[in-house]
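Notes follow the structure.
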Amino acid sequence: MTMIDPHQMVTNAIRSVPDWPKPGITFRDITPVLQDPRTFRVLLDIFVYRYMCERLDLIAGIDARGFIVGSVLAYELKLGFVPVRKKGKLPFQTLAEEYSLEYGNASVEMHTDSVRPGQRVLLVDDLIATGGTMLAAAKLLQRLGANVVEAAAIIDLPELGGSKLLRENGASVFTVCEF
């Protein structure tokens with residue numbers, strides 16, 4: 001049996017969808033990774049092995065695909081999970097952080113009691129593109145007193161500058177693959 005590099009296995013399973021959601025954009029679809037139990041396990045094992053000795057307190061997942069990986073990772077690492085949601089989706093008292101998009105502004109929110117000061121939090125999403133959402137989520141966690149240990153994602157699109165932006169703002173960044 002030939003062994004394949006785990007990162008390459010995940011990369012190979014990601015589907016590229018040309019011209020979606022608009023012409024000229026290639027959408028990187030993680031659905032095939034999630035559908036195949038072996039590849040999904042390998043993806044999660046990459047994250048588990050990276051963070052199992054990091055003394056984390058919580059995993060924060062960004063709406064919505066960050067919930068998929070983040071919640072399973074929290075379970076595997078025996079940690080709590082907190083959602084970072086789009087504006088208006090949480091029922092309790094929230095704190096928001098606004099960020100810019102190419103077509104306007106957006107906000108992410110968390111419950112004000114989601115984290116305690118000093119907690120070590122891993123921030124997780126599926127993809128880093130321009131970095132706006134991830135940076136806003138990191139700032140939100142920091143405003144609530146958390147120490148963001150790392151910003152992690154399955155995919156990095158380095159040409160869009162998001163991971164560079166995060167690093168320039170003091171964040172450590174980890175991704176499984178890049179396109």
Interchain or long-range residues, amide H under 5 Å from Leu127's placed H: Ile154, Ile155
Rank-order 48-56, 17-25, 136-144 by packing density, defined as the average count of other C-beta atoms within 10 Å over each peptide's residues, highest first. 136-144, 48-56, 17-25
Furthest towards positive pole of dipole, Leu140, Leu157, Val173, structure part the range 85-179, Cβ charges: Leu140
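Under a Cβ-Cβ cut-off of 15 Å, what is the net charge of the residues other than Pro18 that fall near it, where Lys and Arg count +1 and Asp and Glu count -1?
Details: positive: Arg15, Lys22, Arg28; negative: Asp19, Asp29.
Overall, the nearby charge balance is +1.
Taking only C-alpha pairs under 8 Å that are 6+ residues apart, what is the relative contact order of the chain in percent? If you can, show how the numbers build up before the last one.
On the way: 347 pairs, mean separation 30.7, N = 179.
Value for the chain: 17 percent.
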Hey, any idea what Rg/Rh is for the range 36-85, computing Rh the Kirkwood way over Cα pairs? 0.96
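With the full set of protein chains in place, find how many percent of the accessible area of the chain is carbon and sulfur; take the probe as 1.4 Å. Intermediate values should be presented prior to the final figure.
Details: 4930 of 9610 Å².
Its accessible area is 51 percent carbon and sulfur atoms.
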For Thr112 and Leu44, extending 7 Å from Cα along the Cα-Cβ vector and measuring point to point gives, in nm, a value of 3.5 nm
Hull surface over four for the Cα convex hull of the range 9-51, reported in nm², is 3.4 nm²
Taking a crude spin-label model, label points 7 Å out from Cα along the C-beta direction, the Asp29 to Cys53 distance in nm is 3.9 nm
Using only the Cα atoms of the chain, each taken as one equal point scatterer with no solvent, compute I(q) by the Debye sum, divide by I(0), and report log10 of the ratio at q = 0.18 Å⁻¹. -1.22
Place a +1 charge on the Cβ of each Lys and Arg in the chain and a -1 charge on the Cβ of each Asp and Glu, then give the dipole magnitude about the Cα centre in debye, rounded to the nearest 20. 360 debye
Just to be sure I understand: of the beta bridges DSSP finds with both ends in the chain, what percent are antiparallel, rounded to 5? 40 percent
Given points 7 Å out from each Cα along the Cα-Cβ axis, report the Lys89 to Lys22 separation in nanometres with one decimal. 2.2 nm
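For the chain, report the accessible area per residue in Å² (1.4 Å probe, heavy atoms, rounded to an integer).
Values: 9610 Å² over 179 residues.
On a per-residue basis, the chain sits at 54 Å².
The values are calculated or read from the model by the stated rules, or taken from the named source; none is laboratory data. Just so it is clear, the model here is predicted, and its values are computed rather than measured. Please note: Cβ atoms are built from the backbone with ideal geometry, for glycine as well, and neighbour counts cover all protein chains shown. Heavy atoms of the whole protein, side chains included, go into the accessibility calculation; ligands, DNA and RNA do not. Shrake-Rupley method; radii C 1.70, N 1.55, O 1.52, S 1.80 Å.
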